[in-house]
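The values are calculated or read from the model by the stated rules, or taken from the named source; none is laboratory data. Predicted model, so just to flag it, every value in this text is computed and none were measured. Cβ coordinates were reconstructed from backbone atoms using ideal geometry, including for glycine residues, and neighbour counts include every protein chain displayed. For the accessible areas, the whole protein counts, side chains as well, though only heavy atoms, and no ligand, DNA or RNA atoms are used. Shrake-Rupley method; radii C 1.70, N 1.55, O 1.52, S 1.80 Å.
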Amino acid sequence: MRRKKLLAAGIVFCMAAQLFCACGRERADEKEKIYVGVAYYDQSDTFVNQLIDCLKEQLEAYGEESCETAMLLRAAGGFQRIQNDQVEELIDSGCNVLCVNLVDRADPSEIIDMARDNDIPIIFFNREPVREDLMQWDKLYYVGAPADQSGIMQGELAAKLIQSNPEIDRNQDGKIQYVVLEGEPGHQDTIIRTENAVDTLKRSGIEIEKLSYEIANWNRAQAQNQMQQMISQYQNRIELVLANNDDMALGALDAYEKLNYMESVLPVFFGIDGTDVGLEAVRDSRLAGTVYNNKEGQAEAILKLAAALVSGQGVDTMELEDDRYVYVPYSKVTKSTLDQYLEEE
């Protein structure tokens with residue numbers, strides 16, 4: 001009797017191990033299950049958290065309708081070494097597709113090697129790898145948004161507001177004095193968003209004068225500190241604040257509020273991403289506008305691509321640029337166009 005119980009327990013254990021902990025090379029019915037391993041760079045990033053929430057919701061709904069699904073999440077706290085270890089853990093846990101938001105977009109080789117050794121495809125998202133790295137293997141993909149478009153749209157929003165509101169040029173010198181709050185150094189969106197926003201303002205015929213820029217690493221608190229330093233240096237000369245994301249735009253606002261500036265002497269503020277707090281700030285006229293980074297569309301593209309990669313069917317029907325890239329367009333948000341985005345929230 002004891003031997004029968006031990007045998008039964010052993011069978012149950014083996015079945016559970018097969019279901020939940022199968023290694024990358026030994027999965028018999030993988031096509032009927034989507035086990036997504038998500039590794040992201042930092043749990044403090046507002047937009048990335050909201051994108052992952054969208055992916056969770058869509059994966060759960062897909063699982064109810066189509067097949068068995070599961071998701072494992074790992075946040076690296078900004079350290080690539082930690083993320084590499086987390087990806088190894090996700091592979092060992094039986095994930096059959098990886099979604100990776102890189103800490104260091106220029107250092108994905110170890111992650112790629114582990115995935116290739118276990119024949120597990122990777123969908124990079126939000127932080128675009130260098131093209132040469134994405135071409136290392138035919139099961140590497142990227143889902144995100146065209147960074148240049150976000151900068152162009154931010155510049156267009158700012159230009160339109162300035163052209164229709166001459167009082168923004170408070171000192172009436174014919175130029176708009178501006179500062180920039182940028183994301184982390186080396187990140188492709190930091191460089192591209194800033195350059196395109198400024199170039200668009202110039203092409204629109206707006207005379208601008210750059211007073212300063214500061215790196216705030218996408219972070220609201222850092223942006224507040226950096227903005228306070230710029231305010232102390234330039235006082236009321238700042239007429240326009242361009243921020244690479246909503247959190248930094250709101251951090252700039254926080255700085256003015258902390259220093260008790262009256263609303264009449266505030267510059268105008270523009271963000272990017274259309275996060276929940278960013279949209280609320282547009283609604284309350286605290287931000288003049290933002291650029292909506294379509295997290296719902298990106299989550300849908302990630303899930304569709306993940307399902308196709310796991311099943312081995314449907315990748316060829318997706319609209320991929322250069323067979324590897326899915327870009328989901330941005331859109332402009334002002335108070336007059338806000339309703340459709342708040343409904344999506």
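Scan region 262-295 for residues that are open to solvent by 40 Å² or more (accessible area, probe 1.4 Å) and at pLDDT 95 or above and the total you get is 9. For region 66-81: of the residues being outside any strand (DSSP E or B) and closer than 12 Å to residue 34 by Cβ, which is least open to solvent (accessible area, probe 1.4 Å)? Only one residue tops the list, namely 67. Has region 125-132 got at least one residue that is farther than 23 Å from residue 319 by Cα, in a helix (DSSP H, G or I) and open to solvent by 30 Å² or more (accessible area, probe 1.4 Å)? No: zero hits.
Close contacts from region 223-235, counting a first residue that is over 15 Å from residue 251 (Cβ atoms) and a second that is not small (Gly, Ala, Ser), with Cβ to Cβ under 7 Å and a gap of 6+ residues or different chains, come to 234/211. So which residues in region 289-310 are in a loop (DSSP other than H, G, I, E, B) and either more than 26 Å from residue 342 (Cα to Cα) or of a type in the set (Phe, Trp, Tyr) (or both)? Across region 289-310, there are no qualifying residues. As a summary of the residue check, residue 235 satisfies the conditions (1) in a helix (DSSP H, G or I); (2) open to solvent by less than 30 Å² (accessible area, probe 1.4 Å) except for the one numbered (2). Among the residues of region 272-288, those identified as aliphatic (A, V, I, L, M) and part of a helix (DSSP H, G or I) are 277, 279, 281, 282.
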